[in-house]
Amino acid sequence: MSIVIGAAAAVFTGVGAGISIGMATGKATEAIARQPEAASQIRSSLLLGCALAEATAIYGFVIGLVIIFVQ
Amino acid sequence: MSNVQEAMNSSIQNKTAFTIPLLGGIPVAESVLVTWILMAIIMAAVWLLARKLKPDHPGRGQSLLEMGVGFINSFTKDNIGPHWRSFAPWLGTVAVYITIANLSGAVGFTPPTKDISVTAALALTSVFLIYGGMFRFRGLRGGFHKFAEPVPLLAPINVMEIAIRPVSLCMRLFGNVLGSFVVMELLRAVLPVVVPVVFSLYFDVFDGIIQTIVFVFLTALFTGDALQDE
């Protein structure tokens, strides 16, 4: 039972990543709409920022796996 | 449903491929074996592509290679600054290895970066690059002085970053590749016909390339940060 609660708590880190990447994508699309000629630079900044923000969610996922599978 | 559970369990473990029968049996992990195969493929490709290089009328392959090398050189020069020549070949090699290792999941190998030992080793090489470069290009005193820049109050954080940066590099690459691999294994256990091909385009190809870019970019960024004076 404590394994289930632990893994569920670990996976909740995905919420932060989801919200922040959603907001970042919104700002990026606004910026592209304002200045379409900078689109490729905005896109590469967006991808880099999303990959970095995703990392915290991945840490939670790995901890969840460790909790479930390591006795 | 035991199919799914079995796929889940087997995809997380690191299997031993074979055991060398010397010195009481040295187990050779699957990731090491796949890395050997990838190394053979990369070296064969390098030998084939670099065989007839001519300075006057470059063919198509040579032009592509020159574009790739020029891209890595300019990227390194932007991020590291004046000492970029020492770092560009290493960053290019790491980029090639991690890309091919991540993409090997799409063709049927188990990606060697799924093993945390491999990503930890890559992160350790990045640490040696960053702090070795810092002490080599600034001298011993200058290297220690760099920990107290920009404000001496940040010195404990700069020292802690020696440990934090490689952990984050390692876990990011490991977690992404392991997550992609587990999802692909589960998909293959449940819907083995056409669906894995479509999802493999995102999970194996796109995610693998993005993780390479992030790893190399962060290493170059940290190295440039350690070398530059501002």
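The values are calculated or read from the model by the stated rules, or taken from the named source; none is laboratory data. Keep in mind that what you see is a predicted model, and the values were worked out from it rather than measured. When we count neighbours, we look across all protein chains shown, and the Cβ atoms used for this are built from the backbone with ideal geometry, even at glycine.
Would you call B:Ser117 of a type in the set (Ser, Thr, Tyr), free of Cβ contacts under 8 Å to residues at least 24 places away in the same chain and either within 14 Å of chain A (Cβ to nearest Cβ) or part of a helix (DSSP H, G or I) (or both)? If you could, list the steps in order and put the result at the bottom.
Numbers: of a type in the set (Ser, Thr, Tyr): yes; free of Cβ contacts under 8 Å to residues at least 24 places away in the same chain: no; either within 14 Å of chain A (Cβ to nearest Cβ) or part of a helix (DSSP H, G or I) (or both): yes.
Taking the combined requirement at face value, the residue does not satisfy it.
Please go through the stretch B:143-170 and give me each residue that is without any contact (Cβ under 8 Å) to a residue 24 or more places away in the chain, of a type in the set (A, V, I, L, M) and in a helix (DSSP H, G or I), ordered by number. It would help to see each step written out before you state the result.
Taking the stretch B:143-170 first, the residues without any contact (Cβ under 8 Å) to a residue 24 or more places away in the chain are B:143-145, B:147-161, B:163-164, B:168.
Then keep just the ones that are of a type in the set (A, V, I, L, M); that gives B:148, B:151, B:153-155, B:157, B:159-160, B:163-164.
Across the stretch B:143-170, the qualifying residues are B:Leu153, B:Leu154, B:Ala155, B:Ile157, B:Val159, B:Met160, B:Ala163, B:Ile164.
Every residue in the stretch B:9-31 that is among the small types (Gly, Ala, Ser) and away from chain A (no Cβ under 14 Å), please. Break it down into steps so the answer makes sense when it comes.
Quick first cut of the stretch B:9-31, residues among the small types (Gly, Ala, Ser) only: B:10-11, B:17, B:24-25, B:29, B:31.
Selection gives B:Ala17, B:Gly24, B:Gly25, B:Ala29, B:Ser31.
Just one of (1) within 16 Å of the chain's Cα centre (by Cα); (2) modelled with pLDDT under 90 trips up A:Ala24, so point out which.
(2)
Conditions (1) under 23 Å from B:Ser168 (Cα atoms); (2) surrounded by 13 or more Cβ atoms within 10 Å (Cβ to Cβ); (3) touching a residue at least 24 places away in the same chain (Cβ under 8 Å), marked per residue:
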| position | (1), (2), (3) |
| --- | --- |
| A:Ala7 | yes, yes, yes |
| A:Val11 | yes, yes, yes |
| A:Ala24 | yes, yes, yes |
| A:Ala33 | no, no, no |
| A:Glu37 | no, no, no |
| A:Ile42 | no, yes, no |
| A:Cys50 | yes, yes, yes |
| A:Ala53 | yes, yes, yes |
| A:Ile63 | yes, yes, yes |
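Among the listed residues B:Leu129, B:Leu91, B:Leu65, identify the single one that is closer than 22 Å to B:Asp207 by Cα and touching a residue at least 12 places away in the same chain (Cβ under 8 Å).
Step by step, each of B:Leu129, B:Leu91, B:Leu65 is checked, and only B:Leu91 is closer than 22 Å to B:Asp207 by Cα and touching a residue at least 12 places away in the same chain (Cβ under 8 Å).
Return a yes/no flag: does the stretch B:205-225 have any residue that is more than 10 Å from chain A (Cβ to nearest Cβ), more than 13 Å from the chain's Cα centre (by Cα), of a type in the set (S, T, N, Q) and farther than 26 Å from B:Asn3 by Cβ.
yes
Does the stretch B:211-230 hold any residues that are buried (at least 20 other Cβ atoms within 10 Å of the Cβ) and among the aromatic types (Phe, Trp, Tyr), and which are they?
Scanning the stretch B:211-230 gives B:Phe215, B:Phe222.
Is it the case that B:Phe147 is of a type outside the set (D, E, K, R) and more than 14 Å from every other protein chain (Cβ to nearest Cβ)? Walk me through it before giving the result.
Working: of a type outside the set (D, E, K, R): yes; more than 14 Å from every other protein chain (Cβ to nearest Cβ): yes.
For B:Phe147, the condition - of a type outside the set (D, E, K, R) and more than 14 Å from every other protein chain (Cβ to nearest Cβ) - is met.
So, in the stretch B:37-61, how many residues would count as being at pLDDT 85 or above and of a type outside the set (A, V, I, L, M)?
Residues meeting the conditions: 1.
Out of all the residues in the stretch B:180-195, is one or more under 14 Å from the mean Cα position of the chain (by Cα), within 14 Å of another protein chain (Cβ to nearest Cβ) and among the hydrophobic types (A, V, I, L, M, F, W, C)? Step through it out loud before you land on a result.
First, pick out the residues of the stretch B:180-195 that are under 14 Å from the mean Cα position of the chain (by Cα): none.
No, that holds for no residue.
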